[in-house]
Each structure stands twice: as C-alpha cells, then as structure tokens.
Amino acid sequence: MLEIMTERCCLRPMTDADFPALCRYLQDPGVMYAYGHAFSDREVWDWLRRQQARYVVPGYGALAVELRETGEMIGQCGITMQDCAGVTACTAAADGEEGGQAPAGEEAGPSALLSERIDATPRTLQVPEVGYLLAKNYWHHGYATESARACMEFAFDVLGVPEIFSCIRDDNRPSLEVARRNGMELCGRFNKHYYGQDMEHLLYVARKESWGL
C-alpha cells in the first residue's frame, strides 16, 4: 500500500481503526470551519469510505498523517481530484496578492496546464488538489506544510501531473499560509456552494517546471 514518509510523519492509507481519530478532528467545529459544520458519525464514515474507494481508483487519496515518533494519527493529507465550477482568474485578491491573467482557452483535464487557461470567463475545471486537515492540537507545528510538500512531490514525481492546486476559503489564513510556504501561487477564485452556504474560494497552483527553484 501507498506510504509517504517525511522527517516527522508517516502518511498511510486510512483504515476502519482510524474512525475514533477521524472523529476527533472531523467533529471539531473549530477544525471544520472551512466546511461550515462539524461532521456527524455517519458523515465521518462516509468520508472514510470515500478515501478507501479512492485508494482503489484512481489509486490515491487523502492519507492518515501519523507521527513517526509515537504512531499517533494527527490528521490527514493527500492528493484528490476536485471539481471547481465558475473559476475566473485573480487579478487582485482580497489579501493584496496578485494573480496573472492567462490567455483564453478550452476547458482541460489534469494533463494540461490548467492555470494558463483561466481567464475572465468562468470555467469548470477538474484539478488535482493537495488537501490537509489536522487536529487542532497539532496546528502551528509545521506538520501540514511538511505533509503537503511530500504529497506535492509524490504528485509531480509519481503521478506525473504538471500542476498541483489547492482550493482554500478566502478567509482561511492558516491554509493560505501553508500553500504559500510550499511555493504555491494564487491563480483563480470561485464560489463553492456547500451545506447550504456560498463560500468564496481561492485557487492556488504550483507548477512542476518551476516548483522548488
């Protein structure tokens, strides 16, 4: 089975035995702010089953983040395919960061350089995303940055994708900082409707050709 090792963490597929650890953060309203609600037990099981199905097809998904020193599961991180509807280029984000305007183009799959095809026309994109979610006790220790970077390396080197994205709520400062620390740049924005709410999201990207330079 897939495992990704970092200096301090082991990223591995989730099992049913991880359900209590998943509940500790998926049912914490402070952790689940970006989702608009804490999960019920049924939603936690559904979440776990979705990841386990992804390990079969396409062969990757959100992985448990486990501390190598103690074996404790502290959260999750991994690569998943995400549908983003109504994406437009960012020319001036609310936080003052700038994203470049790109030439118009057709909608594309993950094999193309999607960020070069985003313009002022709203587009629906399917993108490989690096996502991360940790229990609150383990915030601000660099675990999310470390784990996300390892997953980005996996996506570039093993999956062979040319770009990796992160879809982040525009006011989720900790996640935005993780993306920036890992060399991701703002390229678009879109509105996501989830759990009865409209949530503004920013789209960040890292390109294999220039990442880590």
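The values are calculated or read from the model by the stated rules, or taken from the named source; none is laboratory data. Remember, predicted model here, so these are calculated numbers, not experimental data. We place every Cβ from the backbone using ideal geometry, glycine too, and count neighbours over all the protein chains shown. Just so you know, the surface numbers come from the protein's heavy atoms only, side chains and all, with ligands and any DNA or RNA stripped out. Shrake-Rupley method; radii C 1.70, N 1.55, O 1.52, S 1.80 Å.
At a 1.4 Å probe radius, which order do ASP18, ASP41 fall into by accessible area, largest first?
Listed by decreasing accessible area, they come as ASP41, ASP18.
Give me the percent of the accessible area of the chain that comes from carbon and sulfur atoms, probe 1.4 Å, all protein chains in place.
49 percent
Could you give the Stokes-Einstein D for the range 5-55 in µm² per second, using the C-alpha Kirkwood radius, 20 °C, 1.002 mPa s?
After rounding, the answer is 180 µm²/s.
Accessible surface of LYS208 in the full protein assembly, 1.4 angstrom probe, to the nearest 10 Å²?
The accessible area comes out at roughly 100 Å².
Mind giving me the nanometre distance, one decimal, between the label points for TYR195 and GLU7, set 7 Å out from Cα along Cα→Cβ?
3.4 nm
Could you sort PHE190, PHE154 by their accessible area in this structure, using a 1.4 Å probe and putting the largest first?
Result, largest first: PHE154, PHE190.
Calculate for the chain the 222 nm mean residue ellipticity that helices alone would give, adding -39,500 (n - 2.57) per DSSP H run of length 4 or more and normalising by residue count, nearest 500 deg cm²/dmol.
-6500 deg cm²/dmol
Working only with C-alpha atoms, what are the Rg and Dmax values of the range 126-191, expressed in angstrom?
12.0, 34
Evaluate 2.2 N^0.38 Å with N set to the residue count of the chain, then give the Cα radius of gyration divided by it.
0.98
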